[in-house]
Amino acid sequence: MTEYASLLSDAVLRHRARVAEHSARIESELASKVKSEFIANMSHELKTPLNTVIGFSKLLTQHQERRLPDKEIVEYAMLINDAAGHLLSVINDILDISKLQSGKYAIDSREINIEGILTDSIDAFRHQSEAGQIDFDAVIAPDLPMIRGDAVKLKQIFANILSNAIKFTPVDGTIAVKALRTIDQGVIVAIRDSGVGMSPDEIEVAMTPFGQVDGGRSRWREGVGLGLPIAKALVELHGGALYIASQQNEGTEVVITFPGRDAVTTSAAATMYGVRNSAA
């Protein structure tokens, strides 16, 4: 009996070792795949605008050899400016997520008129939605209360979500924004689009830093996969919460809640000089 127990114990240990080895191999392969996709995507996001800057600036330096019409000079300058702006945006997002994950991010919390910030954010994207032939509708309650927060970070939250909504909504699609007062004197903002939508697994990927639902070199949407994770972390910095409801080919709704200014005062004071790791 003792010998049988010893053999059984050895067999169990060997089985556990094989299972652990298999799990480790799968995790290693997954990490390697994610790393490869990340490097490929980052290479695309950084090299594309850099190539634009280098290419058109080189044409401008050859102006003496081949006279360029004023119209072309202005066009090249605009392309260089747009590419540089995109590159700066990518770098800023990478720096932001790094600070958020390290717990060294700070917000300047004060009383904020969120109605004005949301209206300005919507207006900033109206031209882009019109260019994409997307119907943009907004309903903002006139009695929204003041909240405590950082105006710059609030604009970044709305910009990230609205940018995603436009990016993933096809021609003749719709985007609807609704903002209401909550019973606890807070604010709830819902941004819904009729875009491509996501499955539950894809939502989980989208909320992971650098996660991209349409990952790979053939993807048609630019971005490094940081918009939603950064928005979620910034919302939580304000004591709020961000939820996503989505269905493939049906669209996506992002709901953001901000507590009333009295409810968030203690939280804001505690988080004003740092943030927990909440971007995942």
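The values are calculated or read from the model by the stated rules, or taken from the named source; none is laboratory data. Predicted model, so just to flag it, every value in this text is computed and none were measured. When we count neighbours, we look across all protein chains shown, and the Cβ atoms used for this are built from the backbone with ideal geometry, even at glycine. These accessible areas exclude ligands, DNA and RNA; they are computed on the full protein's heavy atoms, side chains included. Shrake-Rupley method; radii C 1.70, N 1.55, O 1.52, S 1.80 Å.
In the condition set (1) β-branched (Val, Ile, Thr); (2) within 21 Å of Leu228 (Cβ to Cβ); (3) open to solvent by less than 60 Å² (accessible area, probe 1.4 Å), Val152 is compliant with all but (3).
Checking Val275, Val224 one by one, the residue that is within 25 Å of Ile114 (Cβ to Cβ), part of a loop (DSSP other than H, G, I, E, B), modelled with pLDDT under 85 and among the aliphatic types (A, V, I, L, M) is Val275 and no other. Quick check on region 192-209. Is at least one of its residues in a strand (DSSP E or B) and of a type in the set (A, V, I, L, M, F, W, C)? Checked against the condition, which is being in a strand (DSSP E or B) and of a type in the set (A, V, I, L, M, F, W, C), region 192-209 yields no hits at all. Just give me the residues in region 79-101 being within 25 Å of Ser57 (Cβ to Cβ) and of a type in the set (S, T, N, Q), in sequence order. Passing the criteria: Asn81, Ser89, Asn92. Out of all the residues in region 240-256, which are among the charged types (D, E, K, R) and farther than 13 Å from Ile161 by Cβ? Passing the criteria: only Glu250. Could you say whether any residue in region 135-146 is in contact (Cβ under 8 Å) with a residue 60 or more places away in the chain and open to solvent by 40 Å² or more (accessible area, probe 1.4 Å)? Yes, some residue in region 135-146 is in contact (Cβ under 8 Å) with a residue 60 or more places away in the chain and open to solvent by 40 Å² or more (accessible area, probe 1.4 Å).
Might you let me know whether region 65-78 holds any residue that is β-branched (Val, Ile, Thr), in a helix (DSSP H, G or I) and surrounded by 13 or more Cβ atoms within 10 Å (Cβ to Cβ)? Within region 65-78, one or more residues are β-branched (Val, Ile, Thr), in a helix (DSSP H, G or I) and surrounded by 13 or more Cβ atoms within 10 Å (Cβ to Cβ). Taking the criterion of being more than 24 Å from Gly260 (Cα to Cα) and either open to solvent by less than 20 Å² (accessible area, probe 1.4 Å) or of a type in the set (Asp, Glu) (or both), the residues of region 174-199 that qualify are Ile175, Asp193, Gly195, Gly197. Of the numbered criteria (1) within 30 Å of Pro229 (Cα to Cα); (2) open to solvent by less than 50 Å² (accessible area, probe 1.4 Å), the one Asn92 fails is (2).
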